Amino acid sequence: MDPVWLRTFLEVADSGGFSRAARALGLGQPAVSQHVRKLEAAVGRSLLVRDSHTVELTGDGEAMVGFARGILGRQQQALDYFAGPEPSGRVRLGVSEDLVSDWFSQIAQRFQRMHPRVDLDLTAGLSTPLHDRLERGELDMALIKQPGSEPSGRLLWRDELVWVGTPDTRIVPGDPVPLVVYPEPSITRARALSALERAQRSWRVSCTADRLNGLSMAVRAGLGVAVFARSVVPDGLVPVRGGLPALDQIEFVLSGRIPVRGTPMSALVDMIAAAGRPEVADAHPEIADARPEVADAH
């Protein structure tokens, strides 16, 4: 059913005549008659009763009026939707410091290509402060480590926490474990101290850094060991297990209000969920014994 035929038919029905419809549409009367005939042929029904003075709707014609208005209305809705301005605005996203990597960069790039007029206001930081900012309404969403025992968002993946050092890392038996940590409140810092206390191991904070780059640099410099989720161990560092207590698992979640489907924020949520956890690089062989250093007998 050609929309042109439907518009012509409705004009005839509303105006009550072919001549009046022709004037309203700027068409010749033969064209109006042709449109109505084609519509009747398409549905196989007579829609109008004509005589020399009047035009009346048949029962099928009355039904067609409702269908025609609905079809043309939906068509206009579609045209209005696609003719509207490209979505714009801002999405305020908090991201755990550990996840600000190539993994998240690829997600941000895809989002920017899909919604070039939407600004992504990114805040990287520690998970607990980001969760607090989310609770205060300063962020729309937060991609963070689970800040407590109670679920605080959509679970994305679970990961193993590991002690991390350089391939030359040495843990001296009996000496306090040198720790490179984020400042409080830090979930991985709290997990590391809790594990050492349960194992009755002494420790000392050898370096504190509030950014991933600083933490990684300190470990590479040999200042101590740090704790990371296995999937986000920085390049050049390796998991260390021997001589150190086991650590609990960690959960990464996406917290925030549920976005309206079809919005840029909803698209970003779907991209993050579809990305899955960062791939664990093969270049992270585990050091079984952490190469414990034995004191020189001399």
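Given ASP60, ASP132, ASP121, ASP98, which one is in a helix (DSSP H, G or I), open to solvent by 50 Å² or more (accessible area, probe 1.4 Å) and within 30 Å of ARG277 (Cα to Cα)? Lay out the reasoning, then the answer.
Numbers: ASP60 fails: within 30 Å of ARG277 (Cα to Cα); ASP121 fails: in a helix (DSSP H, G or I); ASP98 fails: open to solvent by 50 Å² or more (accessible area, probe 1.4 Å).
One residue alone meets the criteria, ASP132.
Among the residues of segment 18-41, which ones are under 15 Å from MET1 (Cβ atoms) and open to solvent by 40 Å² or more (accessible area, probe 1.4 Å)? Residues satisfying the conditions are GLN34, ARG37, LYS38, ALA41. Is one or more of the residues making up segment 103-114 open to solvent by 50 Å² or more (accessible area, probe 1.4 Å), at pLDDT below 90 and among the hydrophobic types (A, V, I, L, M, F, W, C)? There is at least one residue in segment 103-114 that is open to solvent by 50 Å² or more (accessible area, probe 1.4 Å), at pLDDT below 90 and among the hydrophobic types (A, V, I, L, M, F, W, C). Quick one: is LEU10 open to solvent by less than 80 Å² (accessible area, probe 1.4 Å), over 30 Å from SER266 (Cα atoms) and either in contact with a Gly (Cβ under 9 Å, 6 or more places away or on another chain) or of a type in the set (Ser, Thr, Tyr) (or both)? No. Between ALA209, ALA267, ALA246, ALA226, the distinction of being out of contact with any His (no Cβ under 6 Å at 6 or more places or on another chain) and under 28 Å from ARG113 (Cβ atoms) belongs to ALA267 only.
All conditions but one from (1) under 21 Å from PRO239 (Cβ atoms); (2) surrounded by 13 or more Cβ atoms within 10 Å (Cβ to Cβ); (3) at pLDDT below 90; (4) not charged (D, E, K, R) apply to VAL181; the one that does not is (3).
Quick check on segment 1-53: of everything there that is among the hydroxyl-bearing types (Ser, Thr, Tyr), farther than 15 Å from PHE67 by Cβ and not in a loop (DSSP other than H, G, I, E, B), which residue is nearest to the chain's Cα centre (by Cα)? Step by step, filter segment 1-53, then rank; the result is SER15.
The number of residues in segment 199-234 being part of a strand (DSSP E or B), surrounded by fewer than 17 Cβ atoms within 10 Å (Cβ to Cβ) and within 35 Å of the chain's Cα centre (by Cα) comes to 1.
The values are calculated or read from the model by the stated rules, or taken from the named source; none is laboratory data. Everything quoted here is computed from the prediction, not taken from an experiment. All Cβ positions, glycine included, derive from the backbone under ideal geometry; neighbour counts span all protein chains shown. The area values use the complete protein model at the heavy-atom level, side chains included, leaving out ligands, DNA and RNA. Shrake-Rupley method; radii C 1.70, N 1.55, O 1.52, S 1.80 Å.
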